[in-house]
Amino acid sequence: MVAKAMLILAVLAGCSARAADVVHVDDDNKAEMRRQIDTYVAAGRSPEAFARFASALDRQQLAADAVGAAEAEVRLLALALPHADAARSSPIGQQAEQLALTVWPVLLDHSLATGTTEPSFAPLATEDSAAYLARLCETVLAVQCGDVVPEFRGVAVRALAMHRADARMRTALVTWSDPEWTAIGWKWESLAHDGEASLRGIVGREAWPAAGSGSREPAANEAPDLELVVGAGGAITFADGQTSPRARIDILHDTVSANGGTVVLRVSRALPLAQLAVAVADAHRAGATHVALAARTPSYPWARRVYPADVVRMHASMSTVQHYVEQLDASASATASR
């Protein structure tokens, strides 16, 4: 009993190799589970090996025995835990590259007790992580993340995967109750709470003006992570939500210096144009040679576009930022029709 508890603690520490030793071969299902886990361990316990392990399980056979399916579910989630836990402090882009095509689909999937795989969360062979997340948020997860812009999709899908894993573990432990696995359930609960907290940082598409014909593709120095966010009160924060005790002119100056004279501003479409004009003027005082305004296309996948913001003072009669970009769109359409 002590040895078994030690092995469970090893799983919590991120050592999935020893988790395989906890499996006892009592029947055909357990014997097959053991064989699949041995294959996973021999393959190096990588995220890719975990995905292959999960896909090799016979869901219909497992579902025939409710208790056995619940036990298999607990063990599957125990082996997934080290991957999710090890990545939790990494940037979301890195997490998506490692887990979006491997571990997250398994966590989002149906419980082993159901025996079903529809709708499928498995990635297509031709998809990279960005394409996979885009397809999920357009189809099976449209309600949950259909309004999320591309750079936040990883945050949303990760949170959904952690929540789903937590719920699956809770349900499985009701059917297959073993107190020594409770600590793994607590770990999934912690990851689910982390995911829920991260959702508060997601910015919906409504935070940008709706882009039209007057917009263009962003340049390399106009990337999303280089945006400065202008709030309703004129305060400036960084794209990742971090604030600075420094004066806004100092933040602008540092951005100008680091980005070759370019400043990209993100503002709400409903922001009074006068407030944008003040931010643009401050950017020029900080040394900016070009100020861009970030926007989003009005339909999925909410592609990012930019407008010139240097000429904002020439449109002072416009009441909001959205009216300003619509005026630029109208001008662009008129020019194109000549």
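Just so you know, all these numbers are worked out from the coordinates, no wet-lab data involved. Remember, predicted model here, so these are calculated numbers, not experimental data. Virtual Cβ from ideal backbone geometry, glycine too; neighbours counted across all protein chains shown.
Filter segment 212-236 down to residues that are of a type in the set (S, T, N, Q) and under 16 Å from Val321 (Cβ atoms), then give me how many there are. Step through it out loud before you land on a result.
Taking segment 212-236 and keeping what is of a type in the set (S, T, N, Q), we get 213, 215, 221.
With under 16 Å from Val321 (Cβ atoms) added as a condition, the list becomes 215.
Final tally of qualifying residues: 1.
Just to be sure before I move on: is Arg269 in contact (Cβ under 8 Å) with a residue 12 or more places away in the chain and part of a loop (DSSP other than H, G, I, E, B) in the structure I sent?
Working: in contact (Cβ under 8 Å) with a residue 12 or more places away in the chain: yes; part of a loop (DSSP other than H, G, I, E, B): yes.
Against the criterion (in contact (Cβ under 8 Å) with a residue 12 or more places away in the chain and part of a loop (DSSP other than H, G, I, E, B)), Arg269 qualifies.
Summed over segment 154-194, residues that are without any contact (Cβ under 8 Å) to a residue 40 or more places away in the chain and more than 23 Å from Ala69 (Cβ to Cβ) total 2.
Anything in segment 216-236 that is under 19 Å from Asp250 (Cα atoms) and assigned to a loop (DSSP other than H, G, I, E, B)? List them, or say none. Those that are under 19 Å from Asp250 (Cα atoms) and assigned to a loop (DSSP other than H, G, I, E, B): Gly231, Gly233, Gly234, Ala235. Screening segment 72-113 for residues that are closer than 22 Å to Gln144 by Cα and of a type in the set (Val, Ile, Thr) and picking the one that is surrounded by the fewest Cβ atoms within 10 Å (Cβ to Cβ) gives Ile92.
Step by step: first the residues of segment 289-338, then only those that are among the β-branched types (Val, Ile, Thr) and more than 31 Å from the chain's Cα centre (by Cα), then the one that is farthest from Pro224 (Cα to Cα). Which residue is that? Before you say what the answer is, go through the steps one by one.
Of all residues in segment 289-338, those among the β-branched types (Val, Ile, Thr) come to 289, 291, 297, 306, 311-312, 320-321, 325, 335.
If we keep only those that are more than 31 Å from the chain's Cα centre (by Cα) too, we end up with 289, 311-312, 335.
Details: Thr289: 19, Val311: 22, Val312: 21, Thr335: 29 Å.
The extreme case among them is Thr335.
Pairs linking a residue in segment 206-224 that is surrounded by 19 or more Cβ atoms within 10 Å (Cβ to Cβ) to a residue that is among the hydroxyl-bearing types (Ser, Thr, Tyr), with Cβ atoms under 6 Å and 6 or more positions apart or on different chains, are Ala211/Thr297; Ser215/Tyr307. Criterion applied to Val229, Val256 was being touching a residue at least 12 places away in the same chain (Cβ under 8 Å), buried (at least 19 other Cβ atoms within 10 Å of the Cβ), of a type outside the set (Ser, Thr, Tyr) and more than 29 Å from Ala159 (Cβ to Cβ), and the one residue passing it is Val256.
Look at Leu108 and say whether it is in contact with a Phe, Trp or Tyr (Cβ under 6 Å, 6 or more places away or on another chain), at negative phi and hydrophobic (A, V, I, L, M, F, W, C). Yes: the conditions hold for Leu108. Could you list, in sequence order, the residues of segment 171-201 that are part of a helix (DSSP H, G or I), over 23 Å from the mean Cα position of the chain (by Cα) and either polar (S, T, N, Q) or surrounded by fewer than 15 Cβ atoms within 10 Å (Cβ to Cβ) (or both)? Within segment 171-201, Thr171, Val174, Thr175, Pro179, Glu180, Thr182, Ala183 qualify.
Yes or no: segment 117-137 includes at least one residue that is over 29 Å from Ser299 (Cβ atoms) and in contact with a Lys or Arg (Cβ under 9 Å, 6 or more places away or on another chain). Steps first, please.
Taking segment 117-137 as the starting set, the residues that turn out to be over 29 Å from Ser299 (Cβ atoms) are 117.
The next check asks that each one be in contact with a Lys or Arg (Cβ under 9 Å, 6 or more places away or on another chain); those that pass are 117.
Yes, the conditions are met somewhere in segment 117-137.
When every residue of segment 117-132 is checked against the conditions, at least one turns out to be surrounded by fewer than 21 Cβ atoms within 10 Å (Cβ to Cβ) and within 18 Å of Ile202 (Cβ to Cβ).
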